[in-house]
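Structure, as structure tokens:
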Amino acid sequence: MHQKRGYSSKHTAGNKKIDCILHALEEGDNQITVISPLLLKKNTFRFFSADRYSIGHRSEVIYPATVDAKFISLFLTLFTTFFQLVRWNRAHKGESRAVIFYNYRLETALPAMLFKMLYRVPLIVEYEDGIYAVTETNKYYKKLTVMVEKFANKLLDGAVLVTSVLKKRIRTDNYTVVRGGTVHPAKLKPVQEVNLGTADRAFRMVYSGRLDYDRGIEILLEALPHVNTERMIQLDITGYGPLEEKVKQFIASQSNARINITFHGFLDDNDYAALMEQADLFVNTQREKILFSECSFPSKVVEYIKYGKLVLTSGVSDINLINQNMFVTYGNDSAQELAAAINEILRHPAQYSLYPARAMQWLISDCSHKVVAGKLDKVLNRAISGGTKEKVVYSESTSMK
């Protein structure tokens, strides 16, 4: 199954948040079928038959049949995804069940909506990274998804939102907010005070994530000339995206001997974990002054907290709402403000020694599997009228993170 349809079969759609939701649903004693129209499109005209494999404790993933051909893939996937929904419904007829679809990609939203209209099974959206706000998305596809979203709003029985800002885009009052992902507290290392080191060694900063406009890697690059370099700076960048060449060019042209920048590209799990463990500071530069910020919570912040290190982030999404001396923040998508925040950390490192411990406390209280399972159960119980929740189908998209 490795590299099935262009992706590792271990990632249902390249989205860790989806897997987190699945495990939280299982924590609430639900059985989940994930219908994933997954395909890394290369226009090879190759046909892929339907596949399935086990995931989680007692759930499964189904890949509907499709063909790797532009436009044809979309229309065939719409049909085969709906067909798999019908098969699932037949297998669990008479049991309490609901359909959760991820975002408003046509491949998942349209089959889920049609299924709701024909079979009257409760419909819930798991809403994040709205297509309407993604800079790289084709403008005609954006318009289509906005139309689909408006129509779907009339059909929704519940919603799982990645940020409280999205409340304004849904009509249902049956919703919960799940930010960034979920965690098992038992797998987290205890965090007390952290030591950010002294001038006798380099201060290690890490940027991890997609290299694009929305995630703001350019803001970090523009900030570096304004960073105080009395202490050596080691910046590690890992990820991929449309701005990868720009990052490489910046590294090649920057001449400050006190700042060393290493671009790692895409790292495997072991190398990635080793890099993260060495960091003093994680930097999240996702832009807050763009439309994308209202439909996306930076999952990287949740990931960073798990390592028990200091986090410096923009005020994107719900960050300022939840921040209680947990993160260092900067505003206005400003490179100067970002540099000023880094300089303040370098001048007074002891002032921030307890921030990671507070962030870890928030993570456990808001994002543990048990807490998220409780949030999801409330939405499911209300959506499924008078039923005992036994079966949940999770219709997921091909969107990357």
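The values are calculated or read from the model by the stated rules, or taken from the named source; none is laboratory data. In this text, all values refer to a predicted model and were calculated from it rather than measured experimentally. Ideal geometry is used to build each Cβ from the backbone, glycine not excepted, and the neighbour counts take in all protein chains shown.
A compact table of results
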| read-out | value |
| --- | --- |
| Within the stretch 48-127, strands (runs of 3 or more DSSP E) holding 2 or more residues that are touching a helix residue (DSSP H, G or I) at 6+ places or on another chain (Cβ under 6 Å) | 97-102, 123-127 |
| Residue satisfying all of: in the stretch 213-236; without any contact (Cβ under 8 Å) to a residue 40 or more places away in the chain and among the polar types (S, T, N, Q); farthest from Leu338 (Cα to Cα) among these | Gln234 |
| Number of positions in the stretch 308-335 that are in contact (Cβ under 8 Å) with a residue 40 or more places away in the chain and under 15 Å from Val191 (Cα atoms) | 4 |
| Residue within the stretch 202-212 that is of a type outside the set (Val, Ile, Thr), in a helix (DSSP H, G or I), in contact (Cβ under 8 Å) with a residue 24 or more places away in the chain and outside the structural domain of Met117 (by TED's automatic domain parsing) present | no |
| Per-region count, the stretch 235-271, residues among the aromatic types (Phe, Trp, Tyr), surrounded by 12 or more Cβ atoms within 10 Å (Cβ to Cβ) and in a loop (DSSP other than H, G, I, E, B) | 1 |
| Phe47 free of Cβ contacts under 8 Å to residues at least 24 places away in the same chain, surrounded by fewer than 20 Cβ atoms within 10 Å (Cβ to Cβ) and either within 21 Å of Tyr102 (Cα to Cα) or not assigned by TED's automatic domain parsing to the domain that holds Leu106 (or both) | no |
| Selected residue (criterion: nearest to Asp212 (Cα to Cα)) from residues of the stretch 282-318 that are aliphatic (A, V, I, L, M), buried (at least 22 other Cβ atoms within 10 Å of the Cβ) and more than 15 Å from the chain's Cα centre (by Cα) | Val283 |
| Selection within the stretch 72-125 - of a type in the set (Ser, Thr, Tyr) and closer than 24 Å to Cys20 by Cβ | Thr81, Ser96, Tyr102, Tyr104, Thr108 |
| The lone exception for Leu220 - which of (1) closer than 21 Å to Ala273 by Cα; (2) in a helix (DSSP H, G or I) it fails | (1) |
| Residue match in the stretch 110-129 (condition: among the small types (Gly, Ala, Ser), crowded, with 20+ Cβ neighbours inside 10 Å and farther than 28 Å from Asp212 by Cα) | yes |
| Any hit, the stretch 161-176, residues being buried (at least 21 other Cβ atoms within 10 Å of the Cβ) and in a loop (DSSP other than H, G, I, E, B) | yes |
| The one condition in (1) at pLDDT 90 or above; (2) within 21 Å of the chain's Cα centre (by Cα) that Ala112 fails to fulfil | (2) |
| Residue among Lys154, Lys167, Lys150, Lys143 that alone is under 17 Å from Phe297 (Cβ atoms) and without any contact (Cβ under 8 Å) to a residue 60 or more places away in the chain | Lys167 |
